[in-house]
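Chemist: First the structure, which I've put down as structure tokens, then a few questions once you've had a look.
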Amino acid sequence: MIALALNFAFCCFGLALLFNLYRVIRAPVLTDRVLALDTMVINMIALLVLFGIKLGSGMNFEAALLFAMTGFVSTVAYCKFMLRGDIIE
């Protein structure tokens, strides 16, 4: 039963990534693109965790944590660039 649930979750998060990619390409405003990229990071974290559950290894959880930190820093830096035009003051 867990294998069926994992496969369903993989399909759902994969479909969500495709919808986010469409939003990144076709968004009317730059802020929508930033939000779509941030949501893509969250979906990738979920996929990494699901893959770690499927394999039964802890290495994927550490990779998900590193990916989350990198995604947060990049989102904050890009938002700061949009507001001020400069990242480092």
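Chemist: Please compute the net charge surrounding Thr70, taking Lys and Arg as +1 and Asp and Glu as -1 over other residues with Cβ under 14 Å from its Cβ.
Modeler: The answer is -2.
Chemist: Still on this model: What value does the stretch 2-84 have for Rg/Rh, both radii from Cα atoms and Rh as Kirkwood defines it?
Modeler: That ratio equals 1.05.
Chemist: How would you order 23-32, 40-49, 10-19 from highest to lowest mean count of nearby Cβ atoms within 10 Å?
Modeler: The packing order, highest mean first, is 40-49, 10-19, 23-32.
No lab work stands behind these numbers, since they all come straight from the coordinates. Since we're looking at a predicted model, the values are computed, not measured. Counting neighbours? That spans all protein chains shown, and the Cβs are built from the backbone with ideal geometry, glycine included.
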